[in-house]
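I have placed the structure first, in the form of structure tokens, so that the comments after it can refer back to it.
The values are calculated or read from the model by the stated rules, or taken from the named source; none is laboratory data. Computed from a prediction, not measured in an experiment: that's the story for all the values here. In this analysis, Cβ positions are derived from the backbone assuming ideal geometry, glycine residues included, and neighbour counts consider all displayed protein chains. The protein model used for the area step is the full one, side chains on, heavy atoms only, and it has no ligands, DNA or RNA in it. Shrake-Rupley method; radii C 1.70, N 1.55, O 1.52, S 1.80 Å.
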Amino acid sequence: MTKAPPVLTGEKKDALMELINIGVGRAAGMLNQMTSHQISLRVPSIALVTIDDLDGAMEGRTDDLLAAVKMDFTGTFSGTAALIFPTASAAQLVSCLTDEELGTPDLDALRAVTLIEVGNIVVNCVMGSITNMLSEQVRYSLPVYQEGSIVSLVSSDTKNVDEWMLLVQTRFSIEQLQIEGDIVLILEVGSLDALFAGIDRLSAGSVE
């Protein structure tokens, strides 16, 4: 039986949202520089979910096949950060960044290495912003490129399907290139106390 979820109060959720917005904004700035196109961002969504709830919790992301670059992190906070695209958007982005035409063998050969580079930059922008603001450090695994459903991309990193996790999702789009994707953070619930303690210290410092 799944345990009851931890309590995520409105005040804590708002503080976390502000922190996420700063990190995602910096990542969008980097994507803007890389593609030379304007990046549109939706307001991040934050939810406590289990693996069974993940399909429904990922807003508007029901594609059977997704392309993702993932990086696990451990330290004060533990979890997974990922840059996720529908495969068509992934191909469009790689084409934009490499000047290779869609559907060519060269584009397929460049897909993984190009997306790993982009994912590495984006994830480090988001996580680096959060950890720097909270004066914390985390250790990253090497970025990994994978394709599959959203559940398969995440469930391999979760030992217990009944375990609660904090899902943060930000949808972004590049309308001129018909590209959309998601920046996703999955935090282990055991990391939440440390995360909110850091936010409290940050808030107290800003008041002083």
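Numbers at a glance
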| item | result |
| --- | --- |
| More than 21 angstrom apart: percent of Cα pairs within segment 60-143 | 38 percent |
| Ratio of the Cα radius of gyration of the chain to 2.2 N^0.38 Å, where N counts its residues | 1.02 |
| Among beta bridges that DSSP assigns inside the chain, antiparallel share in %, nearest 5 | 100 percent |
| Summed side-chain charge close to ALA90 - residues other than ALA90 whose Cβ falls under 10 Å, Lys, Arg +1, Asp, Glu -1 | 0 |
| Carbon plus sulfur fraction of accessible area for the chain, probe 1.4 Å, in percent | 50 percent |
| Accessible solvent surface per residue of the chain, calculated while the other protein chains remain in place, 1.4 angstrom probe, Å² | 49 Å² |
| Mean separation of Cα contacts under 8 Å, 6 or more apart, over the residue count of the chain: relative contact order % | 34 percent |
| LYS12 - accessible surface, heavy atoms, 1.4 Å probe, Å² rounded to 10 | 80 Å² |
| Cα centroid of segment 29-46 to Cα centroid of segment 66-85, whole Å | 18 Å |
